[in-house]
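See below for the structure under consideration.
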Amino acid sequence: MVKGRLLLCKKVVILVSGRGSNMLNIIKAVNSRIIDININAVISNKKEPEAFSKAKYYNIPVKSFGNNIKLFEKRLLEYINKNNIDFILLAGFMRILSKDFVNKMKDRILNIHPSYLPDFPGLDAQRKAWDKGVLYTGVTVHLVDSGMDTGKIILQEKHFINYTLGFEEFKNELLKLEHTVYIEAIKLYLIKYT
Ligand code: GRF
């Protein structure tokens with residue numbers, strides 16, 4: 001029974017570039033058995049992003065593959081093949097992966113984006129929504145294709161903006177929503193569907 005479960009457990013790497021709050025939330029969800037996946041490593045284009053100290057605290061191996069995207073992808077592919085990694089989870093990874101790489105990993109890369117896609121793709125999605133004065137924005141987990149936040153949507157949730165709160169508070173609320181939606185998307189796609 002236990003052996004079977006382990007065999008089915010998906011192996012993932014998490015790609016980060018900064019703070020790593022989504023990464024930390026995924027690690028905690030694994031540790032508290034909310035999701036049954038195996039996090040093999042946390043990988044970054046940065047040398048020592050804030051996320052690394054958080055991952056190390058939980059004994060997750062960290063790897064820096066450098067900021068040259070071609071070399072980064074080459075090292076990542078080698079790592080994926082060597083360790084039989086099933087999925088890549090992007091969590092605040094601030095580089096664009098090449099079309100070639102994305103095609104090799106088709107339907108096996110997930111990203112979280114702080115808007116209700118297709119609204120506000122790209123950088124500063126929260127600021128764009130806030131400045132436009134929209135009724136709602138949201139968060140989206142989607143598959144990564146070669147476009148900018150254009151891949152198939154796995155799960156998304158709306159967040160109605162309360163403009164009487166400050167922008168920072170709005171951003172924090174949205175980040176909390178990201179954390180819950182990413183876990184639900186992992187359950188849906190990595191665990192139930194694939
Ligand atoms: C999140 O808002 C995520 O949606 C975006 O980058 C931010 C990363 O935050 N892609 P964190 O590093 O997970 O705290």
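Values quoted throughout were computed directly from the atomic coordinates according to the rules given, and no laboratory measurement underlies them. Small disclaimer: the values here were computed from a predicted structure and weren't measured. For neighbour counting, all protein chains shown are included, and Cβ atoms are generated from backbone atoms with ideal geometry for every residue, glycine included.
Taken over segment 18-59, residues that are among the hydroxyl-bearing types (Ser, Thr, Tyr) and part of a loop (DSSP other than H, G, I, E, B) amount to 2. Checking each residue in segment 60-86 for being in a loop (DSSP other than H, G, I, E, B) and in contact (Cβ under 8 Å) with a residue 60 or more places away in the chain picks out 83, 84, 85, 86.
Go through segment 59-101 and give me each residue that's within 16 Å of the ligand (Cβ to nearest atom) and either of a type in the set (Val, Ile, Thr) or closer than 22 Å to residue 8 by Cα (or both).
So in segment 59-101, the residues within 16 Å of the ligand (Cβ to nearest atom) come out as 60, 62, 64, 88-97.
60, 62, 88, 89, 90, 96 - these are the residues of segment 59-101 that are within 16 Å of the ligand (Cβ to nearest atom) and either of a type in the set (Val, Ile, Thr) or closer than 22 Å to residue 8 by Cα (or both).
Scanning segment 157-180 for residues being without any contact (Cβ under 8 Å) to a residue 24 or more places away in the chain, assigned to a helix (DSSP H, G or I) and in contact with a helix residue (DSSP H, G or I) (Cβ under 9 Å, 6 or more places away or on another chain) gives a total of 1. Could we say that residue 131 is without any contact (Cβ under 8 Å) to a residue 12 or more places away in the chain and away from the ligand (no atom under 15 Å from the Cβ) here? Yes; evaluated as a whole, the condition is true for this residue.
Name the residue, out of 96, 154, 112, that is touching a residue at least 60 places away in the same chain (Cβ under 8 Å) and closer than 26 Å to residue 39 by Cα.
Numbers: 96 fails: touching a residue at least 60 places away in the same chain (Cβ under 8 Å); 154 fails: touching a residue at least 60 places away in the same chain (Cβ under 8 Å).
So the residue among 96, 154, 112 that is touching a residue at least 60 places away in the same chain (Cβ under 8 Å) and closer than 26 Å to residue 39 by Cα is 112.
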